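None of the figures in this text is laboratory data; all of them are computed from the coordinates on show. These numbers come from a predicted model, not from an experiment. For neighbour counting, all protein chains shown are included, and Cβ atoms are generated from backbone atoms with ideal geometry for every residue, glycine included.
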């Protein structure tokens with residue numbers, strides 16, 4: 001371990017010798033302090049959050065990401081190209097210790113920079129929050145400066161599958177020819193079954209029974225809850241909004257009930273509104289009713305149509321866990337850069353590493369290709385111009401495999417969760433560490449160490 005720490009210390013010296021640490025620290029502080037000065041918020045809690053949390057933390061992540069890739073590629077590739085590594089490996093130190101020492105040095109640099117910038121963001125938020133109006137400070141305290149958990153209605157997948165299978169068998173019995181397009185027919189029937197659960201016809205009432213868990217009576221007692229709702233409309237309205245009446249609680253005389261006046265909400269958007277505390281029953285079940293008083297049917301998606309948000313913890317610890325997930329991302333980028341530099345020269349290693357980063361950022365394009373099932377022979381207006389070729393199928397399968405790996409890393413969104421006051425649990429942080437650092441980082445590090453251990457350093461320098 002002493003040898004690994006020594007290599008890490010040499011990496012720190014190199015970062016200071018090339019002024020990299022100072023330059024990145026200045027850029028990070030400029031992003032934290034400068035962005036709120038250049039981009040003015042609208043005086044609301046949400047505008048305040050978008051500037052100070054979303055923009056600053058996103059800028060910190062981008063700057064740290066690029067500097068991590070640059071340093072990890074340069075610190076190993078430059079040592080090889082300038083013949084310093086050839087002198088190091090003659091000492092009684094294994095190459096895997098050199099590789100891990102480089103990684104540890106880069107990650108300790110990242111930890112210092114992330115701690116500096118993260119602390120600056122947190123302090124700046126507290127100072128700027130005091131300048132908001134009392135009403136907006138209340139919103140900030142209850143909706144953003146908090147770690148909120150969420151609860152949704154139970155899954156209807158089993159009922160949907162059973163109803164779909166029954167309807168499909170009935171269709172096949174009446175018309176055996178549907179077997180020719182079985183997948184399309186099954187999808188169509190499934191959507192119809194889901195619609196029956198999701199749609200609230202004119203004048204009808206839709207109920208949700210949401211289980212807040214066994215801890216509801218202890219942790220959520222006297223705590224305000226928030227409903228986060230989203231719906232779609234079958235037809236547009238002249239005003240662009242739709243009215244509905246909400247009721248929360250059971251009318252059994254044992255528990256309080258809250259009822260709203262006619263509430264105007266816009267479709268296709270998320271809406272949050274506060275409801276009084278202690279409306280759940282003795283079993284922790286919260287009953288929510290919505291009456292459609294419009295002249296058109298409304299649809300509440302099963303996935304995100306109704307959600308109950310509740311306080312789960314404080315903002316400070318939630319903020320620290322978010323920085324922990326960002327740190328996990330940086331560890332993977334450091335491993336990628338070092339693995340590339342284990343085989344390639346500095347410019348090529350940097351190019352390859354940045355190319356991999358672009359692939360991750362373009363995962364939306366990859367997902368659309370996978371969903372279409374083809375890469376070539378597709379027209380956006382006319383649709384498929386021919387059947388998928390062998391090359392199409394090969395590319396789609398490759399993209400599907402890449403997406404599996406990318407989703408393991410992109411499945412965590414700490415900045416988005418913080419800006420919406422969502423709880424980043426210890427379980428989520430542990431899962432991020434397991435998937436990003438141990439699994440993905442372990443695979444990349446093993447490949448990088450293997451390549452570096454087998455590389456002939458002298459011949460690599462002599463061929464240039």
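Can you compute the helix-only [θ] at 222 nm over the chain? Use -39500 (n - 2.57) per DSSP H run of at least 4 residues, normalise by all residues, nearest 500 deg cm²/dmol.
Computed mean residue ellipticity for the chain: -18000 deg cm²/dmol.
Which of rounded, prolate or oblate describes region 76-226 when judged by the alpha-carbon gyration tensor and an a/c cut-off of 1.5?
Taking the square roots of the gyration eigenvalues as a ≥ b ≥ c, region 76-226 is oblate.
So, in nm, how far is label residue 358 from label residue 3 when the simple model puts each one 7 Å beyond its Cα toward the Cβ?
Going from the residue 358 label point to the residue 3 one covers 3.9 nm.
Where a ≥ b ≥ c are the square roots of the eigenvalues of the C-alpha gyration tensor, would you call the chain rounded, which needs a/c under 1.5, or, failing that, prolate if a/b is larger than b/c, or oblate?
Verdict is oblate for the chain.
I need the P(r) histogram for region 109-157: all alpha carbon pairs, bin width 10 Å from 0 out to the longest distance, whole percents.
20, 30, 25, 16, 8
What angle, in degrees between 0 and 90 and rounded to the nearest 10, separates the Cα long axis of helix 182-198 from the longest principal axis of the Cα atoms of the chain?
60
Taking a temperature of 10 °C and a viscosity of 1.306 mPa s, what whole-number D in µm²/s does Stokes-Einstein yield for region 222-271 with Rh from Kirkwood over alpha carbon pairs?
Rounded to a whole number, D works out at 122 µm²/s.
Neighbour counts of other C-beta atoms within 10 Å: give me 6, 90 arranged from fewest to most.
90, 6
Could you tell me which of rounded, prolate or oblate describes region 236-334, using a ≥ b ≥ c as the square roots of the eigenvalues of the alpha-carbon gyration tensor, with rounded for a/c under 1.5 and, failing that, prolate when a/b is larger than b/c and oblate otherwise?
Oblate shape, in that a/c is at least 1.5 and b/c is the bigger or equal ratio.
Report the dimensions of region 289-331 along its three principal axes from the alpha-carbon atoms, largest first, rounded to Å.
54, 23, 13
Helix 315-341 against the longest principal axis of the chain: what's the angle in degrees, Cα atoms only, rounded to the nearest 10?
40
Distance in nm between label sites at residue 86 and residue 54, each 7 Å beyond Cα in the beta-carbon direction?
Reported label-point gap for residue 86 and residue 54 is 5.4 nm.
Mind giving me the nanometre distance, one decimal, between the label points for residue 119 and residue 152, set 7 Å out from Cα along Cα→Cβ?
So the two model labels end up 3.9 nm from each other.
How big is D for region 409-450, in µm² s⁻¹ as a whole number, if Stokes-Einstein is applied with the Kirkwood radius of its Cα pairs at 25 °C and 0.890 mPa s?
214
Note the full-extension length gain between residue 266 and residue 221 as 0.36 nm times their separation in residues minus their Cα-Cα distance, in nm to one decimal.
Net length gain for the segment: 13.1 nm.
Please report, in Å, the Rg and the Dmax of region 157-311, where both are computed over Cα atoms only.
Looking at region 157-311, its Cα Rg and Dmax stand at 18.8, 60 Å.
What does the highest-first list of 74-82, 109-117 look like by mean Cβ count within 10 Å?
Order by mean packing, descending: 74-82, 109-117.
By how many nm would the segment from residue 173 to residue 108 grow when fully extended, if each residue of separation counts as 0.36 nm and the alpha-carbon distance is taken off?
Extra length available between residue 173 and residue 108 comes to 16.7 nm.
May I ask you to compute the full-extension gain from residue 128 to residue 291, defined as 0.36 nm times their residue separation minus their alpha-carbon distance, rounded to one decimal in nm?
Going from the current span to full extension adds 54.6 nm.
With a cut-off of 16 Å, note down the residues of region 297-321 whose backbone N falls inside the zone around a label point 7 Å from the Cα of residue 232 toward its beta carbon.
297-306
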